[in-house]
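No value in this document is a laboratory result; all are computed from the given coordinates. Please read all numbers here as calculations on a predicted model, not as lab measurements. A quick note on method: Cβ atoms are made from the backbone with ideal geometry, for glycine too, and the neighbour counts reach across all protein chains shown.
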Amino acid sequence: MAFFVEPLQYQFFVHGLIAALLVGCLCGLLGVYIVLRQMSYIGHGLSHAVFGGAVVSHLLGVNVYVGAGLWGFGAAVLIHRLTTRRDLHADAVIGIVTTASFAVGVALMSRVHRFTQDFEAVLFGNVLGVSQHDLLLIAVVTGLTGLVVTALYKQLLFSTFDESVAQVAGVPTRLVYLLFACILALAILASMQVLGVTLIAATIVIPAATARLLTHSFSTMLVLSTVLGGVTALGGMYLSYYVDIASGASIVLCAALLFVGVLSIRR
Amino acid sequence: MRKKLVARWCVFLLTMLVLTLAGLPQVALASLHVATTVAPLTDMVQQVGGELLHVHGLIPEGVNSHTFQPAPGDVQYLAQADLVVLNGLHLEIPIEKLIQSSGKPGVTVVKLGEHTVSQTEWVFDTSFPKAQGLPNPHLWLNVDYAMHYVTLIRDHVSALDRDNAAVYHQNAARYLTQLAHLDGCITAAMHTLEPHQRKLLTYHDSWPYFARRYGLTIIGAVQPANFSEPSPREVARLIDQLRREKVPAVFGSEVFPSKVLHKIASEAGVRYVTTLRDDVLPGAQGEADHSYMGMMRHNVTTMLVALGGAPATFTACLQEPATR
Amino acid sequence: MSHALLALQRVSAAYASQPVFTDLDLCLTPGQFAALVGPTGGGKSTLLKLILGLLPCTRGHVQCLSQVTMGYVPQREMIDWRFPVTAEQVVLMGRYRHTSYWPWATRADRREVAALLERLGLAPYAKRHIRQLSGGQQQRIFLARALVARPHLLLLDEPTTGVDLKTQHDILHLLHELNREGMTILLATHDLNTIASHVPWVICFQHGVIAQGPPETVFTPDILRQTYNADMVVLRQDDMTFIANRSLAHPHVAQQGALAHRPRRVSDGVLR
């Protein structure tokens, strides 16, 4: 019992634990859709893409987070358009759009020497530095995502499985995707603030992939992925405390170990 | 006819010669081109050279000097530079590489830090671990070392521009007096702090040489090596230490907004101050404070206020005239 | 044209800037059961997608009677078989238009789906993952998904590919029943023999309509050569029709390692 309680005496750890739990669940939930649409790289990609948006919005005098969020949303929509309209696969499109977007940020920064802040430090946070304000933000985004995913369960399922037939059957697929891109951008922005960039890709992909190994049912996969995301986040935080390693890396390790464990059992 | 032509040519050539000779003093005053890196170094060179030097600082203020990548446009400054003034100690590796590939042939490159301290005086710590072999490069925050930087700068520009050596020596002498005075005031001011107040916890690890000179202890720097994340135990340790040792304040950085340090401060119940600078000069270009000395005055005042010392004593000391 | 369920007027379509067909005129009357036949790459799938609104037409006009709902059964290669859904869940998806706003399936939804699965002989497989079904069962599940919405017009892309003859027969009989109940059906296929015996109206299509009409009229060597750019043999016996590609139907024998035509003996004794 003391094992669990000891780190809780530190407020930074408690906040970090709650933040990791929420983000783990959030990314686990959205990860199901990402993995099934075969866009697994998008988490990592978008977290770099928003860097371009942050730089541009700083130059225009717009709030950095608002600008980065809108830019991330735009990138997600562009990715979808290019994937469906042309003979390109999602992985190539994500690579092109997100790295180009990041490069825009880097190019502008090197050209316009007006930046007095390390932008990466602004955008990419640390789970150990989560403030109450951050917790509120992440809770709101998680709640919103849960609501949207529940309300649009059928539409999202059908669009993810077979977008053309869904359209014929009357699902407003374009609107559904726009909404999805919106919550994805928000989720990634909020998660980046809390976790930093190394974690994003892992928290989106690994719990969903693990859940897929455990079930054939879509709804069960959603629940499992969310739970696994939360559990590995909690486990990772405790692991990082007791083994004295960086929290981000330990959460990823936990998730990866679980995946390997499930894979070997399922065989 | 031919004689008249020859005579006219002679007059023409003589006139040209006279005019050229008349113009020569201006050519003799033509500036030496000096390229520097961080703003404090740029200011020091300007204090020594004044109007006589064309100085260009390659690293804009506020940009992370450790990871600054020069743009191709910076090449033109390096190609013109007769003298390149670097801090050295691996602070400006990308610029050093650029000099090798694009510098003027025969350009003089001086690495101030490497001529100021010997290897035995190098500081290694958590941000600059001994295992990696790269020492902490932030020598200029120690005013005594800064004075040595100024003498090195003076000697190099004088060697390259002998005609103005006297002026450089004069400027340097005046500046060194001011710096010596500042050094004395800082030492006195730090003595107004109680022993338990003389502790520095910063985000970016710029202060070990300053601490060594002025009797402060560095408790730690939150930004670990390679700019990675601190582990929860390290954070817990810092919080416990701050509480135990009753440290009054911790110092963040405007260039690296650190949520972790902010969190440590709020949980330990200490003040969180973000206005210490190691390579950003306060105020705008042209203002009196926009200089290395202005930056050090600002930093020391900030520290004194945050740690519970007497900033008034420091201000009063600065207003006294500097004597040799 | 005013009584047509669906009318295409001078429609052109392109795919990846390559024109697929230009100035196409086609119409379907209510209650029609037609097959679109032609070679691969001839534009059949493109035409279906155009009708469904999944592809834009570069020129021309697709006109539908208002309130016409369409059902679509795509080619089996287009489906992601690894997606975690059961047979029942796939069919439930098709209920979208008639279902309530609740995110979960209602009792009414489940009843409809169960009844349809029963009718198609798929009730025992309702809870199985789609990959665990046989080819014929998979085809029927995706057909059920389209049917559960009770469409006026049903479009199928290669419904008889990759299934055995008996299943092909069953699927076409099912389609006949639905047609008798009033559904308009258009299916695209390259399987001529099954169509010849099961479908009352054939449209020969190769980058445009070559000919259309009942199979007896349309399946002539001439029309088929224009459609397939190949010599086709049409044999009629009693009221059965058999169609084959002449060059592919000749016996091919192995001669010294290479597969080649066995030379034909002709009546005059000369080998050709």
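Between the stretch B:137-167 and the stretch C:40-96, what is the separation of their alpha carbon centroids in Å?
Cα centres, the stretch B:137-167 to the stretch C:40-96: 78 Å.
Over chain C, what is the relative contact order in whole percent, taking alpha-carbon pairs under 8 Å and six or more residues apart?
21
Once fully extended, how much extra length lies between B:ASP289 and B:THR275, figured as 0.36 nm per residue of separation less the alpha-carbon to alpha-carbon distance?
Result: 3.6 nm gained on full extension.
Please identify every one of the trypsin sites (Lys or Arg not before Pro) in the stretch A:1-98 that sits in a loop by DSSP and has no more than 12 other beta carbons within 10 Å of its own beta carbon.
Answer in residue order: A:ARG86.
For the protein assembly as shown, compute Rg over Rh where Rg is the Cα radius of gyration and Rh is the Kirkwood radius from the inverse mean 1/r over Cα pairs.
Result: Rg/Rh = 1.16.
Which of the three applies to the stretch B:266-324, rounded, prolate or oblate, going by the alpha-carbon gyration tensor with a ≥ b ≥ c and a/c under 1.5 meaning rounded?
oblate
Strictly greater than 20 Å: what percent of every Cα pair in the stretch C:81-150 meets that?
21
Give me the distance in nm between label points sitting 7 Å out from Cα along the Cα-to-Cβ direction at C:ARG107 and A:THR215, one decimal.
2.5
Taking the Cα-to-Cβ direction at C:ALA244 and at C:ASP23 and moving 7 Å from each Cα, how far apart do the two end points lie in nm?
Roughly 3.9 nm, to one decimal.
In square nanometres, what is the average projected area of the Cα convex hull of chain B?
Values: hull surface 84.2 nm².
Projected over every direction and averaged, the Cα hull of chain B covers 21.1 nm².
Report, ordered by chain and residue number, the aspartates and glutamates lying within cross-link reach of B:LYS104, taken as a straight Cα distance under 19 Å and ignoring same-chain residues fewer than 8 apart.
The reachable aspartates and glutamates, counting only those whose Cα sits under 19 Å from B:LYS104, are B:ASP74, B:ASP82, B:GLU92, B:GLU96, B:ASP161.
Quick one: compute the contact order of chain A, relative version, from alpha carbon pairs under 8 angstrom and 6+ residues apart, as a percent. List each step's numbers first, then the result.
On the way: 380 pairs, mean separation 85.3, N = 267.
So the answer I get is 32 percent.
Which FRET efficiency value, to the nearest 0.05, is calculated for C:THR220 and C:VAL62 with the Förster distance at 25 angstrom and r the Cβ-Cβ distance?
0.25
Hey, can you list the DSSP H helices of chain A whose Cα span along the axis is 30 Å or longer and whose average Kyte-Doolittle score is at least -1.0?
Flagged H segments are A:11-36, A:64-85, A:90-111, A:173-195, A:218-243.
Just checking chain B: which Cys have no other cysteine's beta-carbon under 4.7 Å?
B:CYS10
From the alpha carbon gyration tensor of the stretch A:18-200, can you work out the equivalent ellipsoid semi-axes (sqrt of 5 times each eigenvalue) and give them in Å, largest to smallest?
In descending order, the three semi-axes are 28, 21, 13 Å.
What is the spin-label model distance, in nm, from A:LEU257 to C:THR40 if the labels are put 7 Å beyond Cα along the C-beta direction?
With each label point 7 Å from Cα toward Cβ, the separation is 5.0 nm.
How crowded by other chains is C:54-61, given as the mean number of beta carbons from other chains within 10 Å of each beta carbon?
1
Within the set of other residues whose C-beta is less than 15 Å from the C-beta of A:LEU224, count the net charge using Lys and Arg as +1 and Asp and Glu as -1.
+2
Using only the alpha-carbon atoms, what does the stretch B:184-319 span along each of its principal axes? Please give whole angstrom values in decreasing order.
Largest to smallest, the principal-axis extents are 45, 33, 23 Å.
If you keep only loop residues by DSSP, which chymotrypsin sites (Phe, Trp or Tyr not before Pro) in the stretch C:50-157 have at most 13 other Cβ atoms within 10 Å of their Cβ?
Details: sites: C:TYR72, C:TRP81, C:TYR96, C:TYR101, C:TRP104, C:TYR125, C:PHE142; in loops: C:TRP81, C:TYR101, C:TRP104.
Of the chymotrypsin sites (Phe, Trp or Tyr not before Pro), the ones in loops of the stretch C:50-157 whose Cβ has at most 13 other Cβ atoms within 10 Å are C:TRP81, C:TYR101, C:TRP104.
Test of the criteria: in the stretch C:111-185, which trypsin sites (Lys or Arg not before Pro) are in a DSSP loop and have at most 16 other Cβ atoms within 10 angstrom of their Cβ?
Qualifying residues, ordered by number: C:LYS127, C:ARG128.
May I ask which of B:LYS97/B:LYS259; B:LYS130/B:LYS199; C:LYS127/C:LYS166; B:LYS97/B:LYS199 have a Cα-Cα span longer than 30 Å here?
Cα-Cα > 30 Å for B:LYS97/B:LYS259; B:LYS97/B:LYS199; rest within.
Helix hunt in chain B: which complete DSSP H runs extend at least 30 Å axially by C-alpha with mean Kyte-Doolittle at least -1.0?
B:2-28, B:165-191
Let me understand chain C better: what is its radius of gyration from the alpha carbons, and its Dmax, in angstrom?
Computed over the Cα atoms of chain C, radius of gyration and Dmax are 21.1, 79 Å.
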